[in-house]
Ligand code: AMP
């Protein structure tokens, strides 16, 4: 299945994508993870992206679209993939449509993990306290910026997927296991619709 996980920063997209990946043959395609790896490796893309990421702004569409286009070509994506953090604006959503159409692929569903903004700061603080390696963009100031960007650029994509009948919601305020089982129910519904 080809899926997108939507949700504000700290909603648990990465955690839920990891869970799905561990149970199924669908790799997680996280542009954030790929950009952080590029920054750690000191590649040209990584160097360009690092300051932008640290400020909580969006890296250029050209860079992230290129990363995803290359990644989707890999053989492990043949059975499906989970997009985490992509697309993040209208231009990226259009690029994704074009990429999939070119490969004769379709999107099966887009799942929005809903969490109110006030809860996200607690989550980020928890992530900082639990993590051995703290992300440079995991702090209250940058979170505020990332939330603004999410509401301005990314949340407006949701009606686009809704209009295609592909959008589903889960309550991201529940604990990790409960959110995972809500996602499993969504997947059952989506695969039932396929048959
Ligand atoms: P994430 O790990 O998804 O929270 O992403 C961390 C940061 O990477 C974001 O705040 C952006 O700076 C950058 N980033 C990740 N995905 C994208 C994307 N699709 N478009 C632009 N920037 C992105």
Item checked: Positions within the stretch 97-128 being touching a strand residue (DSSP E or B) at 6+ places or on another chain (Cβ under 8 Å) and either under 17 Å from residue 86 (Cβ atoms) or part of a loop (DSSP other than H, G, I, E, B) (or both), in sequence order -> 100, 105, 106, 107, 108, 109, 110, 111, 112, 113
Checklist line | Filter result for residue 122 (surrounded by 12 or more Cβ atoms within 10 Å (Cβ to Cβ) and modelled with pLDDT under 95) | finding: no
Item checked: Enumerated helices (runs of 4 or more DSSP H) restricted to the stretch 7-65, each holding at least 2 residues that are touching a strand residue (DSSP E or B) at 6+ places or on another chain (Cβ under 7 Å) and within 13 Å of the ligand (Cβ to nearest atom) -> 13-23
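Mind checking which residues of the stretch 71-96 are more than 23 Å from residue 153 (Cβ to Cβ) and in a helix (DSSP H, G or I)?
75, 76, 77 - these are the residues of the stretch 71-96 that are more than 23 Å from residue 153 (Cβ to Cβ) and in a helix (DSSP H, G or I).
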Check: Yes or no: residue 5 modelled with pLDDT of 95 or more and buried (at least 21 other Cβ atoms within 10 Å of the Cβ)?
Finding: yes
Checklist line | Selection from the stretch 80-94 of residues that are surrounded by fewer than 23 Cβ atoms within 10 Å (Cβ to Cβ), out of contact with any helix residue (DSSP H, G or I) (no Cβ under 7 Å at 6 or more places or on another chain) and in contact (Cβ under 8 Å) with a residue 12 or more places away in the chain | finding: 80
Checklist line | Set 154, 142: member being surrounded by 14 or more Cβ atoms within 10 Å (Cβ to Cβ) and at pLDDT 95 or above | finding: 154
Checklist line | Qualifying residues in the stretch 132-157 (those that are in contact (Cβ under 8 Å) with a residue 60 or more places away in the chain and part of a loop (DSSP other than H, G, I, E, B)) - the one farthest from the ligand (Cβ to nearest atom) | finding: 136
Check: Which condition number in (1) more than 13 Å from the ligand (Cβ to nearest atom); (2) under 13 Å from residue 8 (Cα atoms) is the one that residue 129 fails?
Finding: (2)
Notebook entry, point to check: Does the stretch 16-34 include one or more residues that are free of Cβ contacts under 8 Å to residues at least 12 places away in the same chain and over 25 Å from residue 168 (Cβ atoms)?
Noted result: no
Next item on the list: Take residue 71 and decide whether it is surrounded by fewer than 20 Cβ atoms within 10 Å (Cβ to Cβ) and in contact with a strand residue (DSSP E or B) (Cβ under 8 Å, 6 or more places away or on another chain).
Entry: yes
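The values are calculated or read from the model by the stated rules, or taken from the named source; none is laboratory data. Keep in mind that this is a model prediction, so the values were computed, not measured. Neighbour counts run over all protein chains shown; Cβ positions are idealised from the backbone, glycine included.
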